[in-house]
Amino acid sequence: ATDAGLFELAAKTRRLRASPLGRALPKLPIFALARRGSTVLAATLGGLYSIDARGDARLVTVADVRTFASAGRDAELFAASFGDGLLRVTRVAGLASASRFSARAVPAAPRAARYLEASGASSRALCIGGRDGLWVGRSPKALRRVDITALRSGDIAAMARVGSALYLGTFDRGLARVRSAAAGLVVEHLTLGSARQSEARINAFAVDRRGALWIGTARGLYYVSPARAAARERWPRIGGPRRFTRADGLPSDAVLALAPLPGGGVLAGTGRGAVRVALAGSGRATTLSTQPIGRKQGLAARAVWSVAAQGTALWLGTARGLYRIDARGSIARLTVASGHLADDWVTAVVVAKDGAVFAGSYNAGVSRLAPSAGAKHGLAATQLGGGWINLAGLRIDGGYLYAATMAGLRRIALAPGASAWQPLHVDIGRDVTASLRAADGRSMWVSTRRGVVRIAR
């Protein structure tokens, strides 16, 4: 079924050719096909037609049928139409011609389900969807609306997992948490800040070694205790987690990147440099302990877009290259000019167990920096390509480096010499922002500018 008519695949040549069954149809786009015995039912822009074995076509209804679904133990045939709702398609009894069918509205179907564009079915359930929503049920009478607008925004900027709780930070509509319940996955919208001025833009997450969740936003840094982060404690409706700002020692309220530190706390990249952050004290007396890394410490760049910790060494990705700061505070700057990077704007940094560092860039892919005694700054660079790497878009898992790019999700083997990226199929948009191993260990969550989906690893 195509916009150019009806085609069939030749068994011997495996080539498409115009089907003789389509000759009797009007020259209109064909949306879907169904078969009943020797009769083919074709949903076209001009209505639903039946075509018998001789190629004779008969108009069944002028309804704008878009798809078919065969449901129930008796394999009843239903047609989803745009404007006339759900139709039951049956053979007309008592007539000599076996190719005569009728299509009538299903009275038991939801009244709101009139403008349909999709349908699906199994032996146990029927599913229809369209302009006004999605309905699922064991029969037309049992169809119930399913809430598919659980996320207030599909523009996911960051993801994190604490136990089985999945946190989603959106670009424009705040924070959400997805957790398992008896009825399936439950989406909760969580308040950051006051009810009147809840945080809308989430930039980054980090889970520290204690299991606490740190959240970087455009208006400060939030701390969520391990019990609350793991959903063992209820999230307060008013107030929410504590916010830390410039008044508490941050270089800037705009927190752009986060990474856990081996000794506790997190490393934060902000709009005015980086900072080591940890909690000091307890209860109401809790304060933020900060160690800034900025121009006074030798950092020439202003904004820090990506961060990572490697033992006592720190890595800071900026628009002016990648900085490495060792335990003594010595700074090495890696750039295109130094021969280490393919692009100076470093948007993501991750560290492998063998000591190699992978730096993702805005428009020139990934650079692999491996320890080498004879190389400049002790690092030998290999350019892997990979496209436009999104912020915090690199992840290492199971012997692969995963890259969230503006052109999709892809991965490459960590083994030295690997040069071929493998694209991974994602159903909801090409601009992938992050990937994350799911709690079951067999699948992973993938976020895009249009939502989040779980796929096989």
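The values are calculated or read from the model by the stated rules, or taken from the named source; none is laboratory data. Since the structure is predicted, the reported quantities are computational estimates derived from the model, not experimental observations. No Cβ is skipped: glycine too gets one built from the backbone with ideal geometry, and neighbour counts run over all protein chains shown.
Points worth noting:
- Of the residues examined, Gln297 is one that is closer than 22 Å to Arg246 by Cβ and out of contact with any Lys or Arg (no Cβ under 9 Å at 6 or more places or on another chain).
- Among the residues of the range 349-379, those that are part of a loop (DSSP other than H, G, I, E, B) and either surrounded by 14 or more Cβ atoms within 10 Å (Cβ to Cβ) or of a type in the set (Val, Ile, Thr) (or both) comprise Ala352, Ala356, Tyr362, Ala364, Gly365, Ala375.
- Selected residue (only one of Ala332, Ala337 is part of a strand (DSSP E or B) and among the hydrophobic types (A, V, I, L, M, F, W, C)): Ala332
- Qualifying position, being closer than 19 Å to Ala125 by Cβ, aromatic (Phe, Trp, Tyr) and either modelled with pLDDT under 85 or under 37 Å from the mean Cα position of the chain (by Cα) (or both), among Phe31, Phe78: Phe78
- From Ser252, Ser289, Ser306, residue being assigned to a strand (DSSP E or B), touching a residue at least 12 places away in the same chain (Cβ under 8 Å) and farther than 28 Å from Asp354 by Cβ: Ser289
- Candidate set from the range 255-280 (those that are assigned to a loop (DSSP other than H, G, I, E, B) and not basic (Lys, Arg)); member that is surrounded by the most Cβ atoms within 10 Å (Cβ to Cβ): Gly265
- Summed over the range 253-264, residues that are out of contact with any helix residue (DSSP H, G or I) (no Cβ under 6 Å at 6 or more places or on another chain) and within 18 Å of Gly294 (Cβ to Cβ) total 7.
- Pairing each residue of the range 57-72 that is among the acidic types (Asp, Glu) with any residue that is not in a strand (DSSP E or B), provided the two are 6+ apart or on different chains, yields C-beta distances under 8 Å for Asp64/Leu45; Asp64/Gly83; Asp64/Asp84.
- Residue check, Ala337 farther than 23 Å from Ala206 by Cβ, surrounded by fewer than 19 Cβ atoms within 10 Å (Cβ to Cβ) and within 22 Å of the chain's Cα centre (by Cα): no
- The residues of the range 48-63 that are outside any loop (DSSP other than H, G, I, E, B), among the β-branched types (Val, Ile, Thr) and either out of contact with any helix residue (DSSP H, G or I) (no Cβ under 8 Å at 6 or more places or on another chain) or within 16 Å of Ala105 (Cα to Cα) (or both), listed by number, are Val60, Thr61.
- Residue within the range 49-63 that is over 14 Å from Ser102 (Cα atoms), polar (S, T, N, Q) and out of contact with any Asp or Glu (no Cβ under 7 Å at 6 or more places or on another chain) present: no
- Flag for Arg66 being over 34 Å from the mean Cα position of the chain (by Cα), modelled with pLDDT of 85 or more and not in a loop (DSSP other than H, G, I, E, B): no
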